[in-house]
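Q: Have a look at the structure that comes next, please.
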Amino acid sequence: MPISRRQLMIVGAGLAGAGAIGALGRQWWRETPPAGFDHDLVAQPTPLELVHGYQTPAWAYGASAPGTELRVRQGDWLRVRFHNRLPVSSTVHWHGIRLPLEMDGVPYVSQMPVLPGEYFDYRFRVPDAGSYWYHPHQSSAEQLGRGLVAPLIVEERDPTGFVHERTVSLKNWHVDEQGAFLPFSIPREAARNGTLGRLSSVNGVPLGVVEVPAGEVTRVRLLNLDNTATYRINLKGDAEARIYAIDGNPVEPVPLLEDYWLGPGMRLCLALRPGAEGGEIALRDGPMRLGTFKVIAATGGGQLWPPRLPRNPLPEPDLANAEIVPFNFEWAAKPSLLAAQASAPSLWQVNGQAWDIDDKTCAERPIARLRLGRTYIFELRNLTQYQHPIHLHGMSFKVIASNKRKITPYFTDTFLLGRNERAQVALVADNPGTWMFHCHVIDHMETGLMAAIEVA
Ligand code: C2O
Ligand code: CU
Ligand code: CU
């Protein structure tokens, strides 16, 4: 008896339901999520003492900012009920996660904003292991600036060999000496590198301390959850560090020998083996200390360097048959400094179009239309004197070339495009939808450096 099309589909669904990573193929996002939820995620005003003796009127997911770390196993469902107890509407975007458009958290594109007092259920399967994060995608300068940022860790399905692990979230706060918020975006700064905060923090604590056991290997997940800052990450002290993954995706382990430039939204997974108990290793941004790894007593586990982490099930771009799409990132043709009712000036543009955060219809005019299943090479051209961490929603891409540096190809969701750099990144357009493509310096994004890309 010939197998009918319907039977084939049922067989396919059964495989995917079994949760095998190999079955997380092309169609994984089309599955219907199981009803219910596993996490209540509450966003609300949460006063914090960032400056000793003063309260900062922060907003947080849970009790701290950065907020609650969500953890899920690769291939499993993440089911979160998001409660908005903020005085403003919001959404949750899952940075770096490949998911269906309805779960992407972009207001007016994926969903309507979640109003104060309302909730919204996010349910999706996570195809890729690694370090990710979540944040609102509305009034982002203020909402992220006030503290609505948090880690999302997707654990590998099988043991990786790491025995110890720490999450290290980096964020600068726009606060003054009394802990009061300063403007999150100033046009004069937005037109340059972006508006920097003044008080850096490690896991929400200025000059925060993270404990690591002596002589043993700890997996350190460094996340840049800041609006603006590119940290030039280096370590000073008695320790050996190796890079195991970049922005969630494993790489062949290499020693961390010089500054690693971690732009806003980017992540770096290190293996760190410190020397003797009682030592201190400074976590630095260039010459500046951000925080400290304090070496505590050995535990007796984790002496070995784990092998390379397993690859994520990403589609390999078909470079021989790729179409090249150029993207020019530049100064806006007619920069407008704050028109009367606008919430942000227009300073930057992508391929001649400046995104307007007050115009809910921008996503209806995508700057590129990609055909589902085809490979594209994006040629990213930075025509400015500032660097831009270029981020894509919905799909990961492979960095393949640059005119400024030697590239060992790797997969990512955010590429730090240097001044006047031209780079090529490739991807298979396998996720249907309208996807945001933007600079992750939040005030660049809010002053024009955002666009929509359609995959159909
Ligand atoms: Cu973290 Cu639209 O991004
Ligand atoms: Cu994103
Ligand atoms: Cu930028």
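Q: Specify which residue in the list Ala354, Pro206, Pro366 is farthest towards the positive end of the charge dipole of the chain, using unit charges on the beta carbon of Lys, Arg (+1) and Asp, Glu (-1), about the Cα centre.
A: Result: Pro366.
Q: While we're on this one: Carbon and sulfur together cover what percent of the accessible area of the range 319-455 at a 1.4 Å probe radius?
A: Result for the range 319-455: 49 percent of the exposed heavy-atom area is carbon or sulfur.
Q: Could you order the peptides 135-147, 278-290 from most to least packed, using the average number of other C-beta atoms within 10 Å per residue? Spell out each step's value before the answer.
A: Values: 135-147: 24.1, 278-290: 15.8.
Order by mean packing, descending: 135-147, 278-290.
Q: OK, next. Going by a ≥ b ≥ c, the root eigenvalues of the Cα gyration tensor, does the range 100-181 fall in the rounded group (a/c under 1.5), the prolate group (a/b larger than b/c) or the oblate group? The partial results should precede the final answer.
A: Details: a/c = 3.04, a/b = 1.17, b/c = 2.59.
Taking the square roots of the gyration eigenvalues as a ≥ b ≥ c, the range 100-181 is oblate.
Q: Under the classification rounded if a/c is under 1.5, otherwise prolate if a/b is larger than b/c and oblate if not, where does the range 319-455 fall, given a ≥ b ≥ c as square roots of the Cα gyration tensor eigenvalues? Can you show the working numbers first?
A: Details: a/c = 2.29, a/b = 1.41, b/c = 1.63.
In terms of gyration-tensor shape, oblate.
Q: I would also like to ask the following. With +1 on each Lys and Arg Cβ and -1 on each Asp and Glu Cβ, how big is the dipole of the range 164-296 about its Cα centre, in debye rounded to the nearest 20? Provide the component values of the computation, followed by the final result.
A: Details: 15 positive and 16 negative charges, 51 e Å.
In debye, rounded to 20, the range 164-296 gives about 240.
Q: Order of 185-198, 352-365 by packing, highest average Cβ count within 10 Å first?
A: Ranked by mean Cβ neighbours within 10 Å, highest first: 185-198, 352-365.
Q: Once Rh is set to the Kirkwood radius over Cα pairs, what Stokes-Einstein translational diffusion coefficient, in µm²/s, holds for the range 35-128 at a temperature of 4 °C and a viscosity of 1.567 mPa s?
A: Numbers: Rh = 14.3 Å.
The estimated diffusion coefficient comes to 90 µm²/s.
Q: Can I ask one more? Over all distinct Cα pairs, what is the inverse of the mean 1/r for the range 164-296, reported as the Kirkwood hydrodynamic radius in Å?
A: Values: mean 1/r = 0.0653 Å⁻¹.
That comes to 15.3 Å for the range 164-296.
Q: Dipole size in debye (nearest 20) for the range 68-177 around its Cα centre, Lys and Arg Cβ +1, Asp and Glu Cβ -1? Kindly include the intermediate steps, with their values, before the conclusion.
A: Numbers: 12 positive and 14 negative charges, 48 e Å.
Its charge dipole is roughly 220 debye.
Q: Continuing with the same structure: How much length is gained if the chain between Arg192 and Glu379 is pulled fully straight, taking 0.36 nm per residue apart and subtracting their Cα-Cα distance, in nm to one decimal? Numbers along the way, then the final one.
A: Numbers: separation 187, 0.36 × 187 = 67.32 nm, distance 2.29 nm.
Residue separation times 0.36 nm, minus the Cα-Cα distance, leaves 65.0 nm.
Q: Sum up the charges of everything whose Cβ sits under 11 Å from the Cβ of Leu256, counting Lys and Arg as +1 and Asp and Glu as -1, but leave Leu256 out.
A: Numbers: positive: Arg242; negative: Glu240, Glu258, Asp259.
With Lys, Arg at +1 and Asp, Glu at -1, the net is -2.
Q: Beta carbons within 10 angstrom, averaged per residue: use that to sort the peptides 207-215, 94-102, highest first. Before the final figure, lay out each step's value.
A: Working: 207-215: 16.6, 94-102: 22.0.
Top to bottom by mean Cβ count within 10 Å: 94-102, 207-215.
Q: Where Lys and Arg each count +1 and Asp and Glu each count -1, what net charge lies around Pro287 among other residues with Cβ under 11 Å from its Cβ?
A: Values: positive: Arg232, Lys236, Arg284, Arg289; negative: Asp259, Asp285.
Taking every Cβ under 11 Å from that of Pro287, the sum is +2.
Q: Apply the Debye scattering formula to the chain, with a single equal point scatterer on each alpha-carbon and no solvent, then give log10 I(q)/I(0) at q = 0.06, 0.09, 0.13 Å⁻¹.
A: -0.25, -0.57, -1.26
Q: Still on this structure, I have one more. Considering only Tyr54, Gly291, Asn224, whose Cα is most displaced toward the positive end of the charge dipole of the chain, charges sitting on Cβ of Lys, Arg (+1) and Asp, Glu (-1)?
A: Towards the positive end, the residue furthest out is Asn224.
Q: My understanding is that a pair violates if its Cα-Cα distance is over 32 Å; which of Lys294/Lys406; Lys294/Lys404; Lys294/Lys398; Lys334/Lys406; Lys171/Lys360 do that in this structure? Write out the running numbers ahead of the final one.
A: Values: Lys294/Lys406 35 Å; Lys294/Lys404 37 Å; Lys294/Lys398 36 Å; Lys334/Lys406 35 Å; Lys171/Lys360 29 Å.
Correct reply: Lys294/Lys406; Lys294/Lys404; Lys294/Lys398; Lys334/Lys406.
Q: With a 1.4 Å probe and all protein chains left in place, how much accessible area per residue does the range 168-320 have, in Å²?
A: Values: 6270 Å² over 153 residues.
On a per-residue basis, 41 Å².
Q: Please give me the summed charge of the neighbours of Cys362: other residues whose Cβ is under 14 Å from its Cβ, Lys and Arg +1, Asp and Glu -1. Before the final figure, lay out the partial values.
A: Working: positive: Lys360, Arg365; negative: Asp356, Asp358, Asp359, Glu364, Glu446, Glu454.
So the surrounding residues net to -4.
Q: Given charges of +1 on the Cβ of Lys and Arg and -1 on the Cβ of Asp and Glu, with all other atoms neutral, how large is the dipole of the chain about its Cα centre, in debye to the nearest 20? Numbers along the way, then the final one.
A: Values: 44 positive and 46 negative charges, 165 e Å.
In total the dipole reaches around 800 debye.
The values are calculated or read from the model by the stated rules, or taken from the named source; none is laboratory data. No experiment lies behind these values; they were computed from the predicted model shown. A quick note on method: Cβ atoms are made from the backbone with ideal geometry, for glycine too, and the neighbour counts reach across all protein chains shown. Ligands, DNA and RNA are excluded from the accessible area calculation, which covers all protein heavy atoms including side chains. Shrake-Rupley method; radii C 1.70, N 1.55, O 1.52, S 1.80 Å.
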